[in-house]
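Below: the structure, in C-alpha cells.
The values are calculated or read from the model by the stated rules, or taken from the named source; none is laboratory data. Everything numeric here is computed off the predicted structure, so don't read it as measured data. Glycine gets a Cβ as well: all are built from the backbone with ideal geometry, and neighbour counts include every protein chain shown. Accessible surface areas use protein heavy atoms only, side chains included; no ligands, DNA or RNA. Shrake-Rupley method; radii C 1.70, N 1.55, O 1.52, S 1.80 Å.
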Amino acid sequence: MGMTMTQKILAAHVGRESVKAGELIEARLDLVLGNDITTPVAVGIFEEAGFEEVFDKDRIAIILDHYTPCKDIESARLSKKARDFAKKHNITHFYDTGNVGIEHALVPEKGLVGPGDVVIGADSHTCTYGAVGAFSTGVGSTDYAASMAAGKTWFKVPSAIKVVLTGKPSKWVTGKDVILHLIGEIGVDGALYKSIEFTGPGVAELEMDDRFSICNMAIEAGGKNGIFPVDEKTMEYVEGRCIRPFTVYEADEDAEYERVVEINLSELKNTVSMPNIPSNTRTVDEVKGTHIDQVVIGSCTNGRMKDMRMAAKVLKGRKVADGIRVNIVPATQAIYLQCIEEGIMEIFIKAGCAVNTPSCGPCMGGHMGVMCEGERTISTTNRNFVGRMGHVESEIILASPAVAAASAVAGYVASPEDIM
C-alpha cells in the first residue's frame with residue numbers, strides 16, 4: 001500500500017523509505033514557531049530543564065502577534081520575556097511591533113516554510129502551511145520548548161481523509177466557504193488526528209489565499225493537518241520566496257484513505273457558522289437578517305490580500321450601517337502597506353471602518369474588538385466558541401470577508417448580492 005502526501009513527508013524526515021498510519025516516530029524539524037503567549041511558557045520550561053542552547057537559531061521563529069502592541073502590563077511582561085530569550089539566543093526570525101504580522105500569514109510571506117517541510121508551532125492554527133505542501137501542526141508549549149533544544153519531536157503518523165474538489169467557485173465563494181462547508185459536513189471531530197488531503201481538479205481553481213484559509217481551519221474539524229498538492233500556483237508563490245531548498249512530495253496513487261469526501265465548488269453557496277461551534281453551518285440565505293453589532297475582517301484565516309480586496313470591493317462607495325462597528329485587521333505589515341498603495345485603506349475608512357495594526361487581537365478576545373454580554377459579531381476568524389471574543393453571553397458568526405463586509409453595510413447577516 002502506498003503513502004499519502006503527509007506520510008511521505010514524515011518518512012523523509014525520519015530517514016526511512018516509508019511509515020504507516022498509527023506508528024510513533026521521531027522526526028527532524030525544519031521550523032519551530034512560537035508567539036507572545038506560548039513562547040514565555042516554553043522559555044520557562046526550556047530553562048527549568050537546563051537547556052542552554054537552541055538547536056538552530058535560523059530554524060526558530062518567535063512572533064509577537066497576539067497582544068501586541070501590548071494591551072496591559074502582563075502582556076508587556078510576556079513580550080519582554082520572549083524578547084529577552086530571542087536576544088540571548090540570537091534568534092534570526094524574531095518579529096515584534098512595527099515589523100510583525102499574524103504568525104500564520106507572516107511565516108509563508110517571509111518564506112520561512114516551503115513544500116515538504118515539517119513545521120511545528122505552539123499555536124493550533126500552525127496547520128495553515130499545508131497550503132504550500134508542508135506538514136505543519138500545532139503543539140503545546142512543552143513540546144515547543146523541547147523542540148527548540150532538540151530540533152526534532154515525536155508524532156503518531158496520521159491516517160488520512162481525502163477531499164476531492166471539482167468544479168469552479170462562483171464569484172463570491174471563497175476558501176472560507178469551502179472549509180466551513182466541509183466542517184459542517186464531517187463535524188468538529190470528523191478528522192480527529194487525521195491528515196486532511198485536498199485533491200482533484202478543483203484545486204487549480206483556488207488561489208493560494210483560499211488554500212491558506214482552508215488549511216488554517218483543518219484543526220476545526222479535528223485534523224492533525226491539512227495539506228494541498230504542490231501545483232503551478234504553489235510554485236509561483238514559493239519560488240524566490242523560500243529561504244531554504246525544498247522538496248515536493250506527491251501522494252501515491254494507491255495511498256490509503258479512511259474516507260473520501262467530494263465537494264463540487266460550483267454548487268457551493270456563501271456559508272456561515274452560527275454560534276457556538278464551527279460545525280453549526282448554514283448558507284447565508286438560511287440565516288439572512290440575523291442581528292449583528294460588530295464585524296471583524298482579518299485574522300490568520302482571512303487577513304490576506306485577497307480578503308482585503310474582496311471586502312473593499314463590497315464596501316467601495318458604501319457606508320457601514322448605523323450602529324455597526326467594523327474592525328479591519330490586515331494580517332501583516334506588508335499587506336497593510338499594499339492596502340494603502342492600492343487605495344483599499346481609503347475605501348475602508350470612508351466606509352466607516354476602524355483599521356487596526358496586524359494582530360490576533362479580536363479573534364481570541366485579546367483586544368481591538370472585545371464584546372460585552374448580549375452582543376454578536378460576524379467575523380472572518382476561525383472559532384466561535386462561547387466567550388472566544390469577549391463575554392460568555394456574546395456570540396460569534398464565522399463568515400468570509402465578502403459576507404462580513406456585506407453584513408456591515410446591511411446591518412445584519414447578508415450576502416454581497418443583497419446589497420450590490
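What the phi angles of the stretch 196-213 give under the Karplus curve with 6.51, -1.76 and 1.60, with θ = phi - 60°, is a coupling list of 9, 10, 8, 9, x, x, x, 4, 5, 8, 9, 6, 4, 4, 5, 5, 4, 4 Hz, glycine and proline written as x. For the stretch 1-85, GluC sites (Glu not before Pro) are listed when DSSP marks them as loop and at most 13 other Cβ atoms sit within 10 Å of their Cβ; the list is E17, E52, E53. Charge dipole of the chain (Cα centre as origin; +1 on each Lys and Arg Cβ, -1 on each Asp and Glu Cβ, all else neutral): 720 debye, rounded to the nearest 20.
Karplus-based coupling profile of the stretch 131-137, in residue order and whole Hz: 4, 9, x, 9, 8, 9, 7, with θ = phi - 60° in 6.51 cos²θ - 1.76 cosθ + 1.60 and x standing for Gly or Pro.
State in Å² the accessible area per residue of the chain; use a 1.4 Å probe, count heavy atoms of protein chains only, and round to the nearest integer. Don't skip to the answer; put the middle values down first.
Numbers: 15810 Å² over 420 residues.
Heavy-atom SASA per residue in the chain reads 38 Å².
Averaging 1/r across all pairs of distinct Cα atoms in the stretch 214-313 and inverting the result yields a Kirkwood radius of 17.5 Å. Estimated at the nearest 10 Å², the accessible area of E205 is 80 Å² with a 1.4 Å probe.
For E23, the residues whose modelled amide H falls within less than 5 Å of its own, excluding neighbours fewer than 5 places apart on the same chain, are V157.
Over the chain, dividing the summed -39,500 (n - 2.57) contributions of all DSSP H runs of at least 4 residues by the number of residues returns a 222 nm mean residue ellipticity of -9000 deg cm²/dmol. Sequentially through the stretch 402-418, phi angles give Karplus couplings (6.51, -1.76, 1.60; θ = phi - 60°) of 5, 5, 4, 5, 5, 5, 4, 6, 6, x, 7, 4, 8, 9, x, 4, 5 Hz, Gly and Pro residues having no value and appearing as x.
State, as an integer percentage, the relative contact order of the chain based on alpha-carbon contacts under 8 Å between residues 6 or more apart. Don't jump to the answer; show the numbers that get you there.
Numbers: 1059 pairs, mean separation 73.0, N = 420.
Relative contact order here is 17 percent.
Return the single residue from T174, T357, T142 with maximal mean-square fluctuation; model: Gaussian network over the chain, springs between Cα atoms under 10 Å. Among T174, T357, T142, the largest GNM mean-square fluctuation belongs to T142.
Summary of packing: across the peptides 337-344, 215-222, the per-residue average of other C-beta atoms within 10 Å ranks them, highest first, as 215-222, 337-344.
Trypsin sites (Lys or Arg not before Pro), restricted to the stretch 107-203: which are DSSP loop and have at most 13 other Cβ atoms within 10 Å? Walk me through the numbers before you get to the answer.
Working: sites: K110, K152, K156, K162, K171, K176, K194; in loops: K110, K171.
The qualifying sites are K171.
Look at the Cα gyration tensor of the stretch 150-272: its axes a ≥ b ≥ c give a/c of at least 1.5 with a/b at or below b/c, and that counts as oblate.
Could you check how much of the accessible area of the stretch 207-301 is carbon and sulfur, as a whole percent, using a 1.4 Å probe? Intermediate results must be reported in sequence, preceding the final value.
Details: 1750 of 4220 Å².
With neighbouring chains kept in place, the figure for the stretch 207-301 is 41 percent.
For the chain, the convex hull spanned by the alpha carbon atoms encloses 127 Å³ per residue. One chain, two ends: T247 and L337. Fully extended at 0.36 nm per residue, the span grows by 29.2 nm beyond their Cα-Cα distance.
Expressed as a fraction of 2.2 N^0.38 Å, the C-alpha radius of gyration for the stretch 1-124 is 1.19.
For the stretch 97-216, take the convex hull of the Cα atoms, compute a quarter of its surface area, and give me that in nm², please.
Values: hull surface 35.5 nm².
With the hull built on Cα positions only, its mean projection is 8.9 nm².
Ligands, DNA and RNA aside, T126 has an accessible area near 0 Å² when probed at 1.4 Å. The distance between label points at Y193 and E256 comes to 1.6 nm (points 7 Å beyond Cα on the Cα→Cβ vector).
Take the Cβ atoms of K20 and E185, set R0 to 25 Å, and the FRET efficiency comes out at 0.35. Of the trypsin sites (Lys or Arg not before Pro) found in the stretch 1-34, those in coil by DSSP whose Cβ has at most 16 other Cβ atoms within 10 Å are R16, K20. Legend: residue pairs K162/K316; K110/K233; K88/K194; K88/K152, Cα-Cα distance threshold 29 Å; pairs beyond threshold, K162/K316; K88/K194.
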